[in-house]
Amino acid sequence: MAVYKDNITLTHFYKSRVILLLSKNIYTSLITLALYTAMLPVNAQVQDSSASKKTPGYIASYWHNGIGLVTSPFKWKGDEWAKFGGSIAISAVIVSMDEPISQPFFNWQTKIGTGFGDAGKVIGGVPFQLGLSGLVLGTGALAHHKPLINFALDNLQAQAYTGGVTWVVKELSHRARPNMGVGAYKWFGPFKNGSDGYASFFSGHSSVSYSTATMIYLHSKKKWWVGLISYTLATGVAISRMQRQSHWASDIVVGSIVGSAVATYVYKQQEKRRNPTQKLLIIP
């Protein structure tokens with residue numbers, strides 16, 4: 001099993017600082033640091049078992065886990081299909097009641113409501129979410145704190161998959177946003193060449209926020225108070241999307257379910273990669 005050394009050389013540290021200085025802005029710096037740190041275990045590991053040859057490295061795990069994520073429904077059993085069916089049923093009920101559920105949040109146009117909506121837009125947005133992962137990754141690398149590094153790398157992978165699934169579904173559905181003023185039941189399908197106004201289903205802010213919240217909860221070893229805080233913040237982001245009239249209630253519910261499911265899948269797969277004596281499984 002690969003072991004991460006505590007005595008990472010000063011050379012690695014100075015290289016990372018130089019790379020960051022060469023980056024043009026904060027987001028490219030975070031991405032650069034993420035890629036550099038992801039390679040650190042390769043340079044500082046001890047190869048002492050044949051199991052390591054069969055276990056994909058972090059970068060390779062994007063392909064391995066991505067294929068597993070796409071093909072996992074073909075390997076589901078009865079309980080997995082039951083959970084999926086239950087999620088579909090709940091979502092269908094909420095879709096049928098989207099307008100009355102969402103309307104009170106649409107009407108929350110006070111100063112406090114507007115501030116709440118603006119905050120949710122920022123916190124659930126891609127720059128903030130990737131920035132959070134990058135900040136934790138950089139902190140873990142500089143402090144030689146492996147749990148922080150593991151969390152950040154897992155979260156980055158979950159964010160990438162969640163964002164990809166969200167984009168595909170948006171392109172296939174082209175549901176009109178509430179602020180388009182055409183009602184809750186305008187779905188134009190994959191052939192609509194629409195603007196962002198037809199990207200309501202499902203909420204990317206909700207999916208990525210719940211993905212991050214779930215990863216935080218799982219890496220805390222399911223401490224209840226950590227879950228309470230992380231999921232409360234993610235729920236706030238989801239509700240803020242209705243306040244801004246960017247999404248219907250069903251959009252945020254489905255996004256939250258997808259984000260949580262993807263993060264759970266990535267966490268379990270990465271735990272197996274970090275413990276190669278366990279068999280890698282495709283977990284829905």
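The values are calculated or read from the model by the stated rules, or taken from the named source; none is laboratory data. This is a predicted model, so every value here is computed, not measured. All Cβ positions, glycine included, derive from the backbone under ideal geometry; neighbour counts span all protein chains shown.
Could you grab me the full set of residues in the range 150-193 that are touching a residue at least 60 places away in the same chain (Cβ under 8 Å), out of contact with any Gly (no Cβ under 7 Å at 6 or more places or on another chain) and of a type in the set (Lys, Arg)?
ARG175
Could you please find all residues in the range 226-256 being over 17 Å from the mean Cα position of the chain (by Cα) and of a type in the set (S, T, N, Q)?
Within the range 226-256, SER240, GLN243, GLN245, SER246, SER250 meet the criteria.
When you scan the range 149-184, how many residues do you find that are touching a helix residue (DSSP H, G or I) at 6+ places or on another chain (Cβ under 8 Å) and not in a helix (DSSP H, G or I)?
So the answer is 6.
Just name the residue that is farthest from VAL95 (Cα to Cα) out of those in the range 242-269 that are part of a helix (DSSP H, G or I) and in contact with a Lys or Arg (Cβ under 8 Å, 6 or more places away or on another chain). Walk me through it before giving the result.
Let us first name the residues in the range 242-269 that are part of a helix (DSSP H, G or I), namely 242-243, 249-269.
Of the ones still in play, those that are also in contact with a Lys or Arg (Cβ under 8 Å, 6 or more places away or on another chain) are 251-252.
Working: ASP251: 8, ILE252: 11 Å.
The qualifying residue farthest from VAL95 (Cα to Cα) is ILE252.
From the list VAL226, VAL237, VAL208, which one is touching a helix residue (DSSP H, G or I) at 6+ places or on another chain (Cβ under 7 Å), in a helix (DSSP H, G or I), free of Cβ contacts under 8 Å to residues at least 12 places away in the same chain and closer than 16 Å to LEU132 by Cβ?
Values: VAL237 fails: free of Cβ contacts under 8 Å to residues at least 12 places away in the same chain; VAL208 fails: free of Cβ contacts under 8 Å to residues at least 12 places away in the same chain.
Every option except VAL226 fails the conditions.
Quick check: anything in the range 81-102 in a loop (DSSP other than H, G, I, E, B) and modelled with pLDDT under 95? Lay out the reasoning, then the answer.
First pass over the range 81-102, keeping only residues in a loop (DSSP other than H, G, I, E, B): 97.
Okay, now just the ones that are also modelled with pLDDT under 95, so none.
Checked the range 81-102: no residue is in a loop (DSSP other than H, G, I, E, B) and modelled with pLDDT under 95.
Which residues, taken from the range 199-221, are within 17 Å of ALA152 (Cα to Cα) and of a type outside the set (Ser, Thr, Tyr)?
VAL208, ALA213, MET215, ILE216, LEU218, HIS219, LYS221 - these are the residues of the range 199-221 that are within 17 Å of ALA152 (Cα to Cα) and of a type outside the set (Ser, Thr, Tyr).
From the residues in the range 128-151 that are under 19 Å from THR162 (Cβ atoms) and out of contact with any Leu (no Cβ under 9 Å at 6 or more places or on another chain), which one is surrounded by the most Cβ atoms within 10 Å (Cβ to Cβ)?
By that ranking, first place goes to GLN129.
Listed residues PRO73, PRO56; which is touching a His at 6+ places or on another chain (Cβ under 7 Å) and either surrounded by 12 or more Cβ atoms within 10 Å (Cβ to Cβ) or under 28 Å from ASP154 (Cα atoms) (or both)?
Values: PRO73 fails: touching a His at 6+ places or on another chain (Cβ under 7 Å).
It is PRO56.
Please go through the range 129-147 and give me each residue that is in a helix (DSSP H, G or I) and over 30 Å from ALA238 (Cα atoms), ordered by number.
Keep residues of the range 129-147 that are in a helix (DSSP H, G or I), which gives 129-143, 146-147.
Listed by number, the residues that qualify are ALA141, LEU142, ALA143, LYS146.
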